[in-house]
Amino acid sequence: IEIYSLHVDCKVTSRFAHTVITSKIVNRANESKEATFEVELPKTAFITNFSMSIDGKVYPGIIKEKASAQKEYDTAVSRGQSAGLVKITDRKLEQFHVSVSIAAASKVTFELMYEELLKRQLGKFELLIKVRPKQLVKHFQIDVHIFEPQGIRFLETDSTFMTNELTEALTKVQNETKAHILFKPTLDQQKINPELDETLLNGDFVVRYDVKRGATAGDIQIVNGYFVHYFAPQEMPVFPKNVIFVIDRSGSMAGRKIEQTREALLKILQDLRPEDHFNFITFNSKVVEWKSSLLQATAENVASAAGFVQTFSASGGTDINHALLTAVSVLDKAEGLPERSVSMIILLTDGQPTSGEINVEVIQENIQKAINGKYALFCLGFGFDVSYKFLEKMALSNGGLARRIYENADAALQLQGFYQEVATPILMKIEMQYPENTVEGLTKKNFKLFFEGSEIIVSGKITNEVDLLPVEIKAQSHTGDLTLKEEANVKEKEQVFKNQSYIFGNFIERLWAYLTIQQLLEKSISAQEEAKKTLEAQALELSLQYSFVTPLTSMVVTKPAGQQQSELANKPTEAG
């Protein structure tokens, strides 16, 4: 079985990435063989299309409601025969894997299409392409086209497998608003050494970039009656933070995990700003406060905390409820904190609650009542023994977010990276306002916190024929209340994309649908039963309308007669 052509074609238009991977395979044997198509794609992406064409006959994947697809599939196949075509492989990726049997001398073309909205983190957008052909490929090519009407501020490529020879196969052409990156290694350039037919291409190919930002109230783009508004203020004073680290030291944390936690916390302590206040609470079945109140992050206090962190050892049970309630009460009782400051609790745990209150619904309720919208709660789940669903619901109900920390060599870096994302809050209570009679279908427009290096995105439909779309942003900064205003000239904005040949025309509409689905799903995590059903029904309708494989839809992949008839591609989620 020979992959004679592999092409990754990625078009990024104003952060929205549309990727098509085409693999052409020929069976050089004189009997039928299995041809396999295996691709890793970002977890944040939604698959939108897949097809196989075998000797000219096309077998398309069809996107249906998950429940009904599963029913049909169960009827067709005795249970347990297939684990589905998509599974999570690491903290950023999931894998799509399909095999089909093809006759001697036959050819098959696999084509997979997926879309995602690139998320700005720590000042950069990152496009990740996983390269792992497992054999030399005669025609191998990666094309990345980027068009950012705001202008490209910087652009870099990075790869885990580059050699000097391979660098020669990489070209980058760039002007003010566009870039084209081409990676096209010859067979010889792909080889580990000239004697062996082994490929060097195994790893990540990454493009990172950021855009120029001029207007204070962000940037608005409009196509075919849909708009997107990007807002990422720069050079604003940072709010002092009051942060309580709540660290699990139950028995299961023993060994590598507690070591990596210590290592990460020592680095994080160095990153605290002098005006920040902090405290540690560690817990197993007992809850221990490092200090009875928050301390300012002076050099002396930070050094003393580092000494404390080095004494962490792990044993005993897990009383998450008591630990979090203690953290809330320390913040409630705190005195002398900076007037305009942001208070947050960062929980790190690797397991289920096993002592004290162990009913997760009760814990969620207790914490939400205690926090009552005053503080943000971030939950980090270390490894796969945690109930991620529980942590995610708790974080999202309390203005924060959850993240899984993968148990591998870079766990300490993952912890640190997470901290860096939330380390610099620069705005609070952000309200993005649009004229009510002019727009509808708005995505989320009120945000509790804005962290430096990230970006707020709001999208919606313009309902009336208007010449100008006025927007107003209200927010609190460290130095005072802000009101920012901007007007977008609809005709001018529409013109920007008119002459761009390689852009798919309704990309803002698809971006709007993608963002709306993501937010409906996120909202449904912390919603009550009835509301949850409504949110999921809305997300399902959009997933089907725009053909996205989301946690509510499945793609049915049909194969030629005589083979296992159909298989399902589902969207895995971190909560399983």
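The values are calculated or read from the model by the stated rules, or taken from the named source; none is laboratory data. This is a predicted model, so every value here is computed, not measured. FYI the Cβ positions are ideal-geometry reconstructions off the backbone, even for glycines, and counts take in every protein chain you see. Each accessible area value is taken on the protein alone, full model and side chains, heavy atoms only, with ligands, DNA and RNA left out. Shrake-Rupley method; radii C 1.70, N 1.55, O 1.52, S 1.80 Å.
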Query raised in the report: Tell me, what HN-Hα J-couplings in whole Hz come from the Karplus equation 6.51 cos²θ - 1.76 cosθ + 1.60 at θ = phi - 60° for each residue of the stretch 222-229, using x for Gly and Pro?
Result: 9, 9, 6, x, 10, 10, 10, 10
Report summary line: By the mean-Cβ-within-10 Å protection proxy, highest first, 37-45, 469-477, 299-307 rank as 37-45, 469-477, 299-307
Query - Distance between modelled label sites at LYS267 and ALA306, nm, 7 Å Cα→Cβ extension - result: 1.5
**Report entry** Distance-filtered residues of the stretch 17-47 - backbone nitrogen under 20 Å, label point 7 angstrom along ILE1 Cα→Cβ
**Finding:** 21-41
Query - DSSP beta bridges in the chain [antiparallel fraction, %, rounded to 5] - result: 80
Report task. Enumerate the amide H contacts of SER343 below 5 Å, restricted to partners 5 or more residues apart or on another chain; note that Pro and chain-start residues carry no placed amide H. Result -> ASN242, ALA376
Requested in this report: Figure the gain on full extension for GLU407 and LYS461 (residue separation times 0.36 nm, minus the Cα-Cα span) and round it to one decimal in nm.
Outcome: 15.2 nm
Query raised in the report: For all pairs of alpha-carbon atoms in the stretch 241-423, what percent lies in each bin of width 5 Å, listed from the first bin to the last filled one?
Result: 1, 9, 19, 23, 23, 16, 7, 2, 0
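Express as a percent, rounded to the nearest 5, the fraction of DSSP beta bridges in the stretch 241-423 (both residues included) that run antiparallel. Please list the in-between numbers first.
Details: 5 of 29 bridges.
Counting DSSP beta bridges with both partners in the stretch 241-423, the antiparallel share is about 15 percent.
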Query - Integer Hz, Karplus 6.51/-1.76/1.60 couplings in order for the stretch 313-323, x for Gly and Pro - result: 9, 10, 6, x, x, 9, 10, 5, 4, 5, 4
Requested in this report: Quick one: check the C-alpha center-to-center distance for the stretch 122-196 versus the stretch 300-360, whole angstrom.
Outcome: 44
Query raised in the report: Short version: ³J(HN,Hα) in whole Hz for each residue of the stretch 191-202, in order, from phi by Karplus 6.51 cos²θ - 1.76 cosθ + 1.60 (θ = phi - 60°), x for Gly and Pro, what are they?
Result: 6, 5, 8, x, 6, 9, 8, 10, 9, 7, 6, 7
Query raised in the report: Taking a probe of 1.4 Å, how large is the accessible area per residue of the chain, in Å²?
Result: 43
Query - As computed over the chain, the Cα convex hull volume per residue (Å³) - result: 177
Requested in this report: Mind pulling the angle between the C-alpha long axis of helix 360-371 and the longest principal axis of the chain? Nearest 10 degrees, somewhere in 0 to 90.
Outcome: 50
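Under the classification rounded if a/c is under 1.5, otherwise prolate if a/b is larger than b/c and oblate if not, where does the stretch 213-324 fall, given a ≥ b ≥ c as square roots of the Cα gyration tensor eigenvalues?
prolate
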Report task. List every residue whose amide H lies under 5 Å from the amide H of GLU198, counting only residues 5 or more places away in sequence or on a different chain, with H placed 1.01 Å from N in the peptide plane. Result -> ILE192, ASN193
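Taking square-rooted eigenvalues a ≥ b ≥ c of the alpha carbon gyration tensor, is the stretch 342-415 rounded, prolate or oblate, where a/c under 1.5 means rounded and, failing that, a/b exceeding b/c means prolate? Let's see the in-between values first.
Working: a/c = 2.46, a/b = 1.33, b/c = 1.85.
The shape class here is oblate.
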Report task. Sticking with the crude label model, points 7 Å out along Cα→Cβ, report the distance from GLU339 to LYS92 in nm, one decimal please. Result -> 4.3
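Please compute the length gained on full extension between LYS291 and SER313, using 0.36 nm multiplied by the number of residues separating them and subtracting their Cα-Cα distance. Before the final figure, lay out each step's value.
Numbers: separation 22, 0.36 × 22 = 7.92 nm, distance 1.79 nm.
Here the segment from LYS291 to SER313 would lengthen by 6.1 nm.
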Query - ILE525 accessible area, assembled protein chains, probe 1.4 Å, Å² - result: 40
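Could you put VAL98, VAL362 in order of accessible surface area, largest first, with the 1.4 Å probe and the full protein assembly present?
On the way: VAL98 0, VAL362 50 Å².
Final ranking, largest accessible area leading: VAL362, VAL98.
With all protein chains present, how much of the accessible area of the chain (probe radius 1.4 Å) comes from carbon and sulfur, to the nearest whole percent? Don't skip to the answer; put the middle values down first.
On the way: 11970 of 25010 Å².
Looking at the chain in its full context, I get 48 percent from C and S.
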Query - Principal axis box of the stretch 434-519, alpha-carbon based, largest edge first, Å - result: 44, 28, 23
**Report entry** 5 Å binning of all Cα-Cα separations within the stretch 24-150, expressed as whole percents from 0 upward
**Finding:** 2, 8, 14, 18, 19, 16, 11, 7, 3, 1, 0, 0
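Full extension from PHE161 to ASP385: what is 0.36 nm times the residue separation minus their Cα-Cα distance, to one decimal in nm?
Length gained between PHE161 and ASP385: 77.4 nm.
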